[in-house]
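Asks: Would you mind keeping the following structure in view while I ask a few things?
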Amino acid sequence: MKATLVWKRNPLVSRRKRIEETQAYIDESCIEGMNEFVPVAMPYYPGAGMLRDSAQIIEPGHIIYTAEHAEHQYYDELDHSDTGNPKATRLWFETMKKKYVHKILKGAQNVLTKGKSK
């Protein structure tokens, strides 16, 4: 019987890198999922889609929408039925989590254990 030992010089670096890749996957998946529920203006309005396109990851695990009135659109109880997105709703992050939490967690597990998922 023959055994081969492979010594990694710094396993913490590879673990940290994999955790960073997993967090990046989660952040990107959240933005992608939220796009389904973010209100957008009808195409003929100036700045249509600005809210949806303003999502930014400012640091790992911290996503913000930088468009004007984004906070107002997110928290206020507005009727989003007249927007260009029929699935638009307030609290779109919470709505996205209800629908996609298992898919995102499964993808994150794949990235964490096997490397890149997408």
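Bear in mind these aren't lab numbers, they're just calculated from the coordinates by the rules spelled out. What you are looking at is a predicted structure, and each value in this text was computed from that prediction instead of being measured. No Cβ is skipped: glycine too gets one built from the backbone with ideal geometry, and neighbour counts run over all protein chains shown.
Asks: Where the centre of each part is set by its Cα atoms, how far does segment 1-30 sit from segment 48-118, in angstrom?
Replies: 27
Asks: Considering the Cα positions of segment 14-114, please state its Rg to one decimal place and its Dmax as a whole number of Å.
Replies: Values for segment 14-114 (Cα only, Rg and Dmax): 15.0, 49 Å.
Asks: Moving to a separate point now. Tell me, what ³J(HN,Hα) does each residue in segment 64-78 have, in order and in whole Hz, if you take phi through Karplus 6.51 cos²θ - 1.76 cosθ + 1.60 with θ = phi - 60° and put x for Gly and Pro?
Replies: 10, 10, 9, 5, 4, 6, 4, 5, 4, 5, 6, 9, 6, 7, 9
Asks: Out of segment 1-108, which GluC sites (Glu not before Pro) are coil in DSSP terms and have no more than 13 other C-beta atoms within 10 Å?
Replies: Passing sites in segment 1-108 are GLU68, GLU77.
Asks: Mind listing the long-range amide H neighbours of GLY84? Cut-off is under 5 Å, sequence gap 5 or more, other chains count too, H placed in the peptide plane at 1.01 Å from N.
Replies: Counting only residues 5 or more places away or on other chains, the set is VAL40, ALA41, MET42.
Asks: Determine which aspartates and glutamates satisfy two conditions relative to LYS106: a Cα distance under 19 Å, and not lying fewer than 8 residues away in the same chain.
Replies: LYS106 reaches GLU20, GLU21, ASP27, GLU28, GLU32, GLU94.
Asks: Right, here's the next one. Kindly state, to the nearest 0.05, the FRET efficiency for SER14 paired with SER81, given R0 = 41 Å and r defined as their beta-carbon distance. Present the calculation step by step, with values, prior to reporting the outcome.
Replies: Values: r = 49 Å, r/R0 = 1.19.
Efficiency for this residue pair is about 0.25.
Asks: If you don't mind, there's one more thing I want to ask. Order these by the 10 Å Cβ neighbour count, fewest first: LEU51, LEU91, LEU12. The partial results should precede the final answer.
Replies: Working: LEU51 24, LEU91 12, LEU12 8.
Ranking LEU51, LEU91, LEU12 by Cβ neighbours within 10 Å, fewest first, gives LEU12, LEU91, LEU51.
Asks: Along segment 25-38, what does the Karplus equation 6.51 cos²θ - 1.76 cosθ + 1.60 (θ = phi - 60°) give for ³J(HN,Hα), rounded to whole Hz, x for Gly and Pro?
Replies: 4, 4, 4, 5, 5, 5, 4, 4, x, 5, 3, 5, 10, 6
Asks: Would you pull out the residues with amide H under 5 Å of ASN35's amide H, same chain only if 5 or more places away, H placed 1.01 Å from N?
Replies: none
Asks: For ALA55, what residues show an amide H to amide H distance below 5 Å, using hydrogens built from the backbone and excluding near sequence neighbours?
Replies: THR66
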